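Working notes, beginning with the structure itself.
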Amino acid sequence: MKSIPASEAKTHFGALLDSAQREPVTVSKQGRPVAILMSIQDYEEMKLARLRAHLAEGEAQIERGESTTISGKQELHEFFENIKTRNREKKTGK
């Protein structure tokens, strides 16, 4: 993956956009990576892959009998909040 300093990204923004169409580009500030610029196509593919992974996880839960019936708006809200909390805990290792 190509990496460029923020000052160069600012000065050569058009070229940066062209580069990002070919591969993701890391932008660094004071020597530390702060952002990644990628093509919209790569971003959409990444989002789709993530959605597919979530769907596969849901299907596996259903196969294990971990499905639930949700009957109201509040119950639906709580269900999704619990999923978000579990996903955050997985990411942070808690």
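Considering (1) closer than 26 Å to ASN87 by Cα; (2) of a type in the set (D, E, K, R); (3) at pLDDT below 95, say which one LYS2 fails and leave the rest.
Condition (1) is where LYS2 drops out.
Would you kindly identify the helices (runs of 4 or more DSSP H) lying entirely within the range 1-63 that contain at least 2 residues that are loosely packed, with under 11 Cβ neighbours inside 10 Å and in the same structural domain as ASN87 (by TED's automatic domain parsing)? Can you show your working first?
Details: elements: 6-11, 13-22, 40-63.
Fully inside the range 1-63 and qualifying: 40-63.
The values are calculated or read from the model by the stated rules, or taken from the named source; none is laboratory data. As the structure is a prediction and not an experimental result, all values here were calculated from the model. FYI the Cβ positions are ideal-geometry reconstructions off the backbone, even for glycines, and counts take in every protein chain you see.
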